[in-house]
Structure formats: C-alpha cells, structure tokens
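Participant: Here's a structure for you.
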Amino acid sequence: MGSVPNPGELTELTQPSFDEFQHQTSLMTGCTLMWKELSDHISSLEANLMRQSEALKRKIEALDSETKTSLDSLKKRELSIDDSVKIAVNRVELLKKDALKTLNDDNPDGEVDNGDGLLQILKSTCLRMEAKEFWNFVSGRKKDIELLREKIPEALSECIDPAKFVMEAISEVFPVDKRGNERGNDLGWACVLVLESLIPAVVDPVIGKSRMLITRSVKQKAKEIAETWKRSLEERGGIDNVKTPDVHTFFQHLITFGIVNEEELGLYRKLVIGSAWRKQMPKLAVSLGLGDKMPDMIEELISKGQQLDAVHFTYEVGLVDRFPPVPLLKAFLKDANKAASSILEDPNNAGRAAQLAARKEQSALRAVMKCIEEYKLEAELPPENLKKRLEQLEKTKTEKRKPAA
C-alpha cells in the first residue's frame, strides 16, 4: 500500500504558468470588448428604431394633416357649388337683359377715343356673342394693347360662355392660320392677349382660381384644338422652324384651358428651348410643369451660347446661386465679340463686314446693359465700360455715314 502524506509535512506547490495568466487576461479583455461592442450595437439599434419611430410618427401626423386639409377643401368645394350656380344663374339673367338692351340700341358702338368707348364696343360684341367682330376690333388696335389688356377681361365677363367665345374669336389664326395671303401680319400677340384675358372671366366667384368655370365640352374642344396645332408642326417644318408667337399662343392656350398634359413635357421642353429668347418663356415653362427640369434646360441654353436667355431662366426659378449671372453675361459678350470678329474676316461680306460686325456687337451690348439694369447687377458688373464701347461703335457708324470732302 502507498504511503499517505503527512499533513504536517510541506509539499511542493505547482507554480502557475505566466503564459496561462496572459491567456486568461487576453480572454477577459476579449470578452470585455465583445460585450462593449454588443452593448454599443444594441444602443445604436435602439436609437435608430427611435429615430425611425419619430420619423414615422411625423409622417403619419403630416398625412393626417394633409388628409384633413384635402377633406376640408373638398367639403368647401362641394358646399360652394350651390353658391357658384346661383351666382352663374343670376349673371346669365343679367347678361340676357343687357343683351336685349344692346340689341335694341341703335348705336351700340359709341366713340373709341378713350377707355370707356373702347370698353363699350368690346362689351357690345361680347353681349351679342359676335366673336368675329370682337376679333377684328382687337387685332386691329395693337397700339392700344395696354388699354385692351385692362378692358378685355371686363368685357369677356359679359359673355354667356366666355371660353367658347374666345375659341371662336381666335379660330381665324389658331390653331391654323386661315387668312391665306394675309399671313405676313403676325397676330400672335392678339391671341395671347385674349387668352390671358379669359382667365379672370372664368374664375369661380366663390373659391377662385382653383376651379375654372369651363364646361367639359369646351375643354374637350380645347384639347382637340391643341392636337390640331401639334399635327400642324410637320407642315411648319418641325419644332425647329415653328414661329415663337405660335409657340407662345399654344402654351397660353394649354394654361388658360387647364389642359397641360404631363405626358407631353418632352415636347413642351423642346418648344421652350427653341423659343427661349422670348421674355415670357421662363414663366410659361414653370406654368407648364417644367420647374424640375429647369437646371438641365439652363445648362442646355448655356451650351448653345444662349447665356442671356439662361440668366432670365435662373431668376425665374431662383437658381442664381447655382448659375451666377455675371459670368454668364461676360461669356455672352465674349461670344458676341468672337462672332463680330469672324464677320470681319469673312471675304464674302467685305463690303458690309464692318457694319454687320458693329451691329452684332451693339445688339449684344444693349441686351447685357438692359439685363444689368433689370436685375440690379451694377455693383458686380459696372455698365460704364459697356456704355463707352457702345458710344464708340455708334460714333464710328455716324462718321462712316458722312460724305467725303
């Protein structure tokens, strides 16, 4: 049998290994780090869930608010129908009495030397629903365009059906010009004027512009007219050859009758770019729903050397910080100078080269100076040097006209 160790005797203890100690320490450190990572990850998940929960809560609240606003608006529109109908019926009765009175009047025209006389004639043609006479009168008084702009909306309110009346009035030249040999006289200004003047005449008297008093049949007819105009583009030589006044009339027709089609934004964009020099185009583009496409359109105008047009677009949609106007205007002047120099170097225009080059530069200088004045850019681009250069060109032109001694 083996001997039993005596408790009183000292036995040799096993010394712990330093490597084992380091291993245990490493394990504890790893566990601590892993615990911290898990704890941080869980905290991050909780914070992310809280943010998403708050965002979802805000969206639900915004949706509830929008739903309530929409329902209130619909309720208001529904309740306003009876009032609008009553106003329309009373208006029709009043117009009927005025029309009968006008028909019995032996001299409804009166004088047109002032605004009252002009308004009397316009009202007379509107009450009688004489669209052709109305059109002939308006289109023949371009010199009174501002007075017409003031009086036509009031006159159109005398019509039984203003929207239908306007379509009949401009049908001689829109969607297709039917005048034959008289096509040289552009009447796009008159079409735009009448279409713009129609808007206040068809606004709902109760809830305003959010509802236009245009019947379904008239709106459908307006859509057919728009389709006819688009088909006629091929006869005009395509989008690149269509006249700007015709484009302006087409756009105003869409806006006035509320028949803008989102599926045709590509066509609208091409037409706007092709007629971008017209001052009203930026505002029309926004009304057509092209606001989101404005940055790309501005870049396209710049790439085509139409920096001046790009400036007008930037101010219309508030992109001045993204497209600073002064560098664009300087680039426009630089391109104009290059164009003038190329004209001087053209051997085919040796006789008129100097005159054409000066005219090109003068036109660019005047346009830039007008832009500086309109948008208050004098501090960034002082116009004094431009004025001196313009005076120099005009002086040279005057001296060349003097007969030789």
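The values are calculated or read from the model by the stated rules, or taken from the named source; none is laboratory data. For clarity, every value in this text was computed on a predicted model and none was experimentally measured. Here the Cβ positions follow ideal geometry from the backbone for every residue, glycine too, while neighbour counts run over all protein chains shown. In case anyone asks, the SASA skips ligands and DNA or RNA and just uses the protein heavy atoms, side chains included. Shrake-Rupley method; radii C 1.70, N 1.55, O 1.52, S 1.80 Å.
For every residue, the table says whether it meets (1) assigned to a helix (DSSP H, G or I); (2) in contact with a helix residue (DSSP H, G or I) (Cβ under 8 Å, 6 or more places away or on another chain); (3) of a type in the set (Gly, Ala, Ser); (4) modelled with pLDDT under 90.
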{"position": "Ala155", "(1), (2), (3), (4)": "yes, yes, yes, no"}
{"position": "Glu158", "(1), (2), (3), (4)": "no, yes, no, yes"}
{"position": "Lys178", "(1), (2), (3), (4)": "no, yes, no, yes"}
{"position": "Asn181", "(1), (2), (3), (4)": "yes, no, no, yes"}
{"position": "Trp189", "(1), (2), (3), (4)": "yes, yes, no, no"}
{"position": "Leu198", "(1), (2), (3), (4)": "yes, yes, no, no"}
{"position": "Arg211", "(1), (2), (3), (4)": "no, yes, no, yes"}
{"position": "Thr228", "(1), (2), (3), (4)": "yes, no, no, no"}
{"position": "Gly237", "(1), (2), (3), (4)": "no, no, yes, yes"}
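Participant: Okay, next question. Has region 280-296 got any residue that is among the charged types (D, E, K, R) and outside any helix (DSSP H, G or I)?
Facilitator: Looking for residues that are among the charged types (D, E, K, R) and outside any helix (DSSP H, G or I), one finds none in region 280-296, hence no.
Participant: Within region 5-27, can one find any residue that is hydrophobic (A, V, I, L, M, F, W, C) and at pLDDT 80 or above? I'd like the intermediate steps shown before the answer.
Facilitator: Of region 5-27, the ones hydrophobic (A, V, I, L, M, F, W, C) are 10, 13, 18, 21, 27.
From what is left, the residues that are at pLDDT 80 or above are 27.
Within region 5-27, one or more residues are hydrophobic (A, V, I, L, M, F, W, C) and at pLDDT 80 or above.
Participant: Among the residues of region 301-334, count how many are open to solvent by less than 60 Å² (accessible area, probe 1.4 Å) and among the acidic types (Asp, Glu).
Facilitator: The total comes to 1.
Participant: Which of (1) at pLDDT 90 or above; (2) of a type outside the set (Asp, Glu); (3) open to solvent by 50 Å² or more (accessible area, probe 1.4 Å) is the odd one out, the single condition Ser341 does not satisfy?
Facilitator: Only one criterion in (1) at pLDDT 90 or above; (2) of a type outside the set (Asp, Glu); (3) open to solvent by 50 Å² or more (accessible area, probe 1.4 Å) is unmet by Ser341, namely (1).
Participant: Check His253 against each of (1) modelled with pLDDT under 95; (2) under 22 Å from Arg149 (Cβ atoms); (3) in the same structural domain as Glu172 (by the TED database) and name the one condition it does not meet.
Facilitator: Only one criterion in (1) modelled with pLDDT under 95; (2) under 22 Å from Arg149 (Cβ atoms); (3) in the same structural domain as Glu172 (by the TED database) is unmet by His253, namely (1).
Participant: Among what's in region 267-279 and is touching a helix residue (DSSP H, G or I) at 6+ places or on another chain (Cβ under 7 Å) and assigned to a helix (DSSP H, G or I), pick the residue that is surrounded by the most Cβ atoms within 10 Å (Cβ to Cβ).
Facilitator: Of everything passing the filter in region 267-279, Leu271 is surrounded by the most Cβ atoms within 10 Å (Cβ to Cβ).
Participant: Another one. Mind checking which residues of region 130-146 are within 26 Å of the chain's Cα centre (by Cα) and either among the hydrophobic types (A, V, I, L, M, F, W, C) or modelled with pLDDT of 95 or more (or both)?
Facilitator: Answer for region 130-146, where residues must be within 26 Å of the chain's Cα centre (by Cα) and either among the hydrophobic types (A, V, I, L, M, F, W, C) or modelled with pLDDT of 95 or more (or both): just Ile145.
Participant: Within region 63-78, is there a residue that is at pLDDT 80 or above, open to solvent by 100 Å² or more (accessible area, probe 1.4 Å), in a helix (DSSP H, G or I) and of a type outside the set (D, E, K, R)?
Facilitator: Yes; the residues of region 63-78 include at least one that is at pLDDT 80 or above, open to solvent by 100 Å² or more (accessible area, probe 1.4 Å), in a helix (DSSP H, G or I) and of a type outside the set (D, E, K, R).
Participant: Next up: Being of a type in the set (S, T, N, Q) and either open to solvent by less than 30 Å² (accessible area, probe 1.4 Å) or touching a Ser or Thr at 6+ places or on another chain (Cβ under 6 Å) (or both) is the filter here; which residues of region 135-159 pass it?
Facilitator: Ser139
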